[in-house]
1. Just give me the residues in the stretch 372-387 being outside any loop (DSSP other than H, G, I, E, B) and either more than 13 Å from Val249 (Cβ to Cβ) or at pLDDT below 65 (or both), in sequence order.
2. Counting just the residues of the stretch 308-345 that are of a type outside the set (Val, Ile, Thr), exposed (fewer than 14 other Cβ atoms within 10 Å of the Cβ) and at pLDDT below 65, which one comes out farthest from Arg266 (Cα to Cα)?
3. For the stretch 21-38, check the following and say yes or no: at least one residue is modelled with pLDDT under 75, open to solvent by less than 50 Å² (accessible area, probe 1.4 Å) and more than 31 Å from the chain's Cα centre (by Cα).
4. Tell me which of these Asp258 doesn't satisfy, since it passes every other one: (1) part of a helix (DSSP H, G or I); (2) surrounded by fewer than 21 Cβ atoms within 10 Å (Cβ to Cβ); (3) within 28 Å of the chain's Cα centre (by Cα).
5. Starting from residues that are in a helix (DSSP H, G or I) and of a type in the set (S, T, N, Q), keep the ones in the stretch 223-255 and report whichever is farthest from Phe170 (Cα to Cα).
6. Consider Thr89 against the criteria (1) more than 16 Å from Leu168 (Cα to Cα); (2) at pLDDT 55 or above; (3) open to solvent by 40 Å² or more (accessible area, probe 1.4 Å): it satisfies all of them except one. Which criterion is unmet?
7. I'd like the full set of residues that are open to solvent by 70 Å² or more (accessible area, probe 1.4 Å) and assigned to a loop (DSSP other than H, G, I, E, B), limited to the stretch 261-292.
8. Keeping to the stretch 384-427, report how many residues are open to solvent by 10 Å² or more (accessible area, probe 1.4 Å), out of contact with any Leu (no Cβ under 7 Å at 6 or more places or on another chain) and not hydrophobic (A, V, I, L, M, F, W, C).
Amino acid sequence: MPSLTSFLHRHRRKFATAIGVAVTSYYAYRQVKLKFFEIGSQLSANLTSRENLRRRFEQNQQDASYTVAALLSSITDPIVCELPVEEVTDELQAKRGPHSQSSDAPSQSGGDDTNAETTSIASSSTITIIDVDTEAQQPKRTKKKLWNDLKIMAITRAVSLVYAIALLIFFTRLQLNMLGRQNYVKSVKAMTESYDHAADPDQRASEDQVIQNEVNRRFLTFSWWLLTRGWVRIVSNVREATETVFESVTPRTELGFDDLGGLIKRVRELVDAKNNNYVEILLPTNKEGEEFVLSNNPCSEQEFQSSSTKEQAIEPLLRALLDESTDLIESPNAKGVISGLVTQGFKLLLNSLQIKYFFLVYGGVQDEHDSRQKIVEFEEEKKVRLANILAGIVQQSHEMVVVNENANPYLSAMNCLPELRNFSAIVYSNFASDWKSMTD
């Protein structure tokens with residue numbers, strides 16, 4: 001025992017140092033372990049948050065696509081009725097027969113070809129517009145006048161539909177991504193306040209939700225402007241551009257694919273020059289217009305009809321959404337997206353016409369195991385009469401108004417435009433303004 005005591009006494013500093021190091025190492029290990037688990041938990045929370053954000057964003061884009069399909073007929077039907085190609089075609093068909101080669105026809109030698117082209121357009125015209133009282137119609141137009149009207153109407157309708165669909169897709173994405181972002185920020189704010197003990201939090205949250213739902217509903221109401229007013233300006237601009245470009249192009253004019261593309265490009269340039277401010281097409285630009293939109297879509301909540309306090313709460317929130325919408329529509333990014341959507345529509349239109357009229361398809365087996373294969377070849381020098389091409393343009397107009405996205409290549413292609421998705425992501429991820437407004 002004395003020897004053990006002596007040993008411990010002689011090495012007491014070493015033992016104290018060892019014990020200190022051991023204790024320090026233990027606590028350091030615990031701190032590192034706690035820090036590791038804290039970082040792991042934070043990373044896991046971040047991953048969960050990002051996945052939740054991504055899932056919400058994807059769902060928002062899908063909802064926007066469904067909304068566009070639901071609203072499509074609301075904007076395409078008035079355009080189709082405004083440009084009744086089918087009525088002109090029926091009147092041309094009525095002129096066939098013994099008197100079809102009268103003096104008002106473009107030329108005696110081409111009468112049969114013109115009648116064939118009329119038949120082709122008629123077979124493509126499957127949309128029923130309205131019943132017309134023939135006795136109340138204007139005096140009958142000459143065949144030449146009918147062909148000119150058909151030319152202008154068919155081209156104006158197709159081009160107007162491209163612009164209308166592009167703007168409908170853009171504005172729907174803009175609205176739903178703004179509201180989707182707002183809902184996401186609101187859910188995050190609710191999570192951060194879940195540990196607070198404010199008085200009557202459930203009642204306050206319920207009141208806030210009612211107000212926010214009404215703000216959202218009124219904001220979505222403003223799509224009514226495009227559906228009832230904006231398309232009128234689109235058609236007016238397109239018709240004027242079409243009459244200017246195609247004035248000297250008769251139905252018997254033979255066009256190559258490059259000629260046709262050049263004419264359509266010129267129409268687009270003139271339309272874009274007039275549509276330099278899309279805000280006027282998508283939203284009312286003055287207080288009277290805004291009040292007019294809201295007056296056509298009255299409040300659905302009874303409490304808002306009698307509560308001036310809640311009305312006052314709605315006004316600044318709605319104003320903020322409308323001001324942000326205007327700023328975004330006027331931004332270079334938005335103009336680029338709209339241009340990309342229109343380009344996509346024209347590309348599909350011209351590609352369809354190219355395949356239908358400017359490709360040679362002739363028999364010639366390429367694979368002995370597939371006798372159905374045919375050689376398809378683009379004939380650069382091929383010329384086609386405009387009257388014949390009009391049938392294809394009318395047919396493409398019919399495809400544009402199909403509500404089902406899977407059966408509507410124009411909807412499908414525009415909805416998948418990368419620039420549109422990128423713009424939607426920018427709008428959806430702009431959390432700063434919403435967070436500030438909710439925390440003030």
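1. To start, the set of residues in the stretch 372-387 that are outside any loop (DSSP other than H, G, I, E, B) comprises 374-378, 384-387.
Scanning the stretch 372-387 gives Lys374, Ile375, Val376, Glu377, Phe378.
2. Ranking the qualifying residues of the stretch 308-345, first place goes to Ser308.
3. Checked the stretch 21-38: no residue is modelled with pLDDT under 75, open to solvent by less than 50 Å² (accessible area, probe 1.4 Å) and more than 31 Å from the chain's Cα centre (by Cα).
4. Of everything listed in (1) part of a helix (DSSP H, G or I); (2) surrounded by fewer than 21 Cβ atoms within 10 Å (Cβ to Cβ); (3) within 28 Å of the chain's Cα centre (by Cα), Asp258 misses just condition (3).
5. Step one: filter the stretch 223-255 for residues in a helix (DSSP H, G or I), giving 223-246.
This time we only want the ones that are of a type in the set (S, T, N, Q), so: 223, 228, 236-237, 242, 244.
On the way: Ser223: 11, Thr228: 17, Ser236: 20, Asn237: 19, Thr242: 24, Thr244: 28 Å.
Of everything passing the filter in the stretch 223-255, Thr244 is farthest from Phe170 (Cα to Cα).
6. Single failed check for Thr89: (3).
7. Selection gives Asn276, Thr285, Asn286.
8. 13
The values are calculated or read from the model by the stated rules, or taken from the named source; none is laboratory data. Please read these numbers as outputs of a predicted model, since none were measured by experiment. Here Cβ is always computed from backbone atoms with ideal geometry, including for glycine, and neighbour counts include all displayed protein chains. Note: accessible area is taken over every heavy atom of the protein model, side chains too, but ligands, DNA and RNA are not part of it. Shrake-Rupley method; radii C 1.70, N 1.55, O 1.52, S 1.80 Å.
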